[in-house]
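Taking it in order: structure first as structure tokens, then the write-up.
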Amino acid sequence: INGRAEVSTDPELLRPFEVSGKLPTTAIVVHVEEAYLHCPKALIRAELWDRASRFESGGFPTMTKMLSDQHGENLEGDALEQAEREYRSRIEKTLY
């Protein structure tokens, strides 16, 4: 992809992203001037349109599990469940 990007604080631009009466602080605006597919055969080989080649949505680890593994904590069981609850609570309180 070729183009440019900018960070905007324009309230009119942010308004469509309002959640619970709160606007985001900033938005990233991407201006795509050119977009290339590296290899057209890659789309065919990826079998994007073949449902049998797709992952089940529950087949991926949660964000909390991925973060705990990356930080070497390797949380499991009750500890992972507690971390999941804390993560969801933080997101609800601080995301917007």
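Anything in region 28-45 that is over 21 Å from the mean Cα position of the chain (by Cα) and surrounded by 10 or more Cβ atoms within 10 Å (Cβ to Cβ)? List them, or say none.
Passing the criteria: ALA42, LEU43, ILE44.
In region 1-44, what count of residues is obtained for those that are in contact with a Pro (Cβ under 8 Å, 6 or more places away or on another chain) and farther than 22 Å from LEU95 by Cβ?
Residues that pass the stated criteria total 0.
Here's the yes/no breakdown for (1) assigned by TED's automatic domain parsing to the domain that holds LYS22; (2) not basic (Lys, Arg):
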site: ALA35; (1), (2): yes, yes
site: PRO40; (1), (2): yes, yes
site: ILE44; (1), (2): yes, yes
site: THR64; (1), (2): no, yes
site: GLU73; (1), (2): no, yes
site: GLY77; (1), (2): no, yes
site: ARG90; (1), (2): no, no
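Scan region 68-91 for residues that are out of contact with any Lys or Arg (no Cβ under 9 Å at 6 or more places or on another chain) and in contact (Cβ under 8 Å) with a residue 12 or more places away in the chain and jot them down.
Once the filter is applied, which keeps residues that are out of contact with any Lys or Arg (no Cβ under 9 Å at 6 or more places or on another chain) and in contact (Cβ under 8 Å) with a residue 12 or more places away in the chain, region 68-91 yields SER68, TYR87.
Please name all residue pairs, on different chains or six or more residues apart, with Cβ atoms under 6 Å, provided the first residue is in region 43-64 and is without any contact (Cβ under 8 Å) to a residue 40 or more places away in the chain and the second residue is charged (D, E, K, R).
Matching pairs, first to second residue: SER53/GLU47; THR64/GLU84.
Of the residues THR25, THR94, which is out of contact with any Leu (no Cβ under 6 Å at 6 or more places or on another chain), among the β-branched types (Val, Ile, Thr), at pLDDT 90 or above and surrounded by fewer than 10 Cβ atoms within 10 Å (Cβ to Cβ)?
THR25
The values are calculated or read from the model by the stated rules, or taken from the named source; none is laboratory data. A quick note: this is a predicted structure, and the numbers were derived from the prediction, not measured. Glycine also receives a Cβ, built like all others from the backbone with ideal geometry; neighbour counts cover every protein chain displayed.
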